[in-house]
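The values are calculated or read from the model by the stated rules, or taken from the named source; none is laboratory data. Predicted model only: the values in this text are computed from it and were never measured. Cβ: placed from backbone, ideal geometry, glycine included. Neighbour counts: every protein chain shown. Note: areas computed on protein heavy atoms with side chains; ligands, DNA, RNA excluded. Shrake-Rupley method; radii C 1.70, N 1.55, O 1.52, S 1.80 Å.
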Amino acid sequence: MNPFPANLIRCLLALLFAAAIPATSSRLQAQNDPVERTFAEQRADVEKAVADVKTHSSGKLPALEGFVGQTQQPVERYERAYYQCLFQVIPSLSGETSVRVTAGITAWYDDPDRQKSGYQVLSSNGRLETDALDRIQEFLEGPGAAAAKAAPQVTTKYNLNLGPAIPLGSPPARVAGGVTKDLRRPEGMTSTEPVTEAEIEGLKKKRAATEKRVQQLNSALKNLQELYDSQTKPDNLIAIRKNGTPVYARPQDGGASLFAAAAKDQFEMIEIRGDWVHVRISGDSRGWLRKAQLEFPDDSANAAAPADSAKSAELFRVTREEVAVFPGKWELLRGKKVKIFSVQPATSPALETSVREKRGFAKQLFARAWKEHAETDDVTAGVVVVFDSADGGQVSATLASLAQWQQGKISDAALWQSCSLDPPETFTFSANKQ
């Protein structure tokens, strides 16, 4: 005699499958992972098919053999087996829709020791899930496809060799990540076995869906590229070379460290002071980093464009050229002969000029001095540009750095880092000086 009414058994099935009760949690974990299949149809059509199939995806099993995986107890001791399939519809940006099915099976275990008898959750072998996915596919393909399958003897057959065959009786294959993919032959895919016209039509549909997806991806890629190209990037950002780089409160070794920056972190550069770089952390917060621990941006954004170069040439004029001993204490040129350019604003010595304008004119003189050196083979060790104005300063470069710059071995940014800037703020970009 059945000790439980049928409706009570169904309720127990749903509760056992949906809730992780401590007494059965280990058995729930032993269940098969979901079986998943991707369809070319839109989400709304797939959800309609799932709703139709769901009405016939629970109930009593005629037997456990053929539906469950390995059991801890002899199969013949289980009775009153019931199953229930749960469906999850997963749309994608490409327009395709995936359906993930999980089958829960419960059965009454009749143990010789009556105290150990009770309902248990059993593992599905994937047959119930795959059957549900097949019915979803038949619904989406319509009655025409179902009729073609029902009467294959009147359909013309062809042989298409599309690659290695996957046996129809093979179980679903498990892949990394815990998701079981149904790899059995889908509609329209075959090897040297005869196939139907309906299978060919199915393959054409898949091809059309793939081509549509490629078009969508190409369109998305084009939009992203246009968005990236339209973005403007600051030209005074520096990046951290290594993880754990300390950001100091003051430009001195052994000082207080504010925090440790990670590799590739970027900060806005305010000024360069010797071996230290003053940076903006956020808002009004400031900090100092050692120059050797930083990557500087390519200075092409700061380099004078042709129009800027012409403007710089109009703003300044060379008042004196001479070869003399370096007028400073920079170790790389100290006591050596250098080419010195003295320049002034073209209109008035009192005129203040920007960092960009000074750099642009200095680069013109650097290039000019290098060309003269290459043609005359003089023995100077470097070039000095002295700005004789109210906001003037002095920028110096070694001939070795100019050679690498002119030969394209170093960027504009690397050239300026190799220079002596006196004072640094006169030739350094900041939030208020461009």
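May I ask you to list the chymotrypsin sites (Phe, Trp or Tyr not before Pro) in the stretch 338-372 that are in a DSSP loop and have at most 16 other Cβ atoms within 10 Å of their Cβ?
For chymotrypsin sites (Phe, Trp or Tyr not before Pro) across the stretch 338-372 that sit outside H, G, I, E and B with at most 16 neighbouring Cβ atoms in 10 Å, the list is empty.
Suppose R0 equals 41 Å. What FRET efficiency, 1/(1 + (r/R0)^6) with r the Cβ-Cβ distance, do D388 and S282 give to the nearest 0.05?
0.55
Classify the stretch 324-434 as rounded, prolate or oblate from the Cα gyration tensor: take a ≥ b ≥ c as the square roots of its eigenvalues, call it rounded if a/c is under 1.5, otherwise prolate when a/b beats b/c and oblate if not.
Cα axes put the stretch 324-434 in the prolate bin.
Need one number: the % of Cα-Cα pairs in the stretch 53-127 sitting beyond the 16 Å mark.
55
How long is the gain from R241 to T376 if the chain were fully straight, where each residue apart is worth 0.36 nm and the alpha carbon distance is subtracted?
44.5 nm
Hey, any idea what % of the stretch 199-280's accessible area is carbon plus sulfur with a 1.4 Å probe?
52
Defining a contact as two alpha carbons under 8 Å apart and six or more residues distant in sequence, what relative contact order in percent does the stretch 245-299 show?
About 30 percent, as a whole number.
Arrange the residues R334, R356 by how much accessible surface each exposes, largest first, with a 1.4 angstrom probe.
Largest to smallest exposure gives the sequence R334, R356.
How do 126-138, 250-262 rank on mean C-beta neighbours within 10 Å, highest first?
126-138, 250-262
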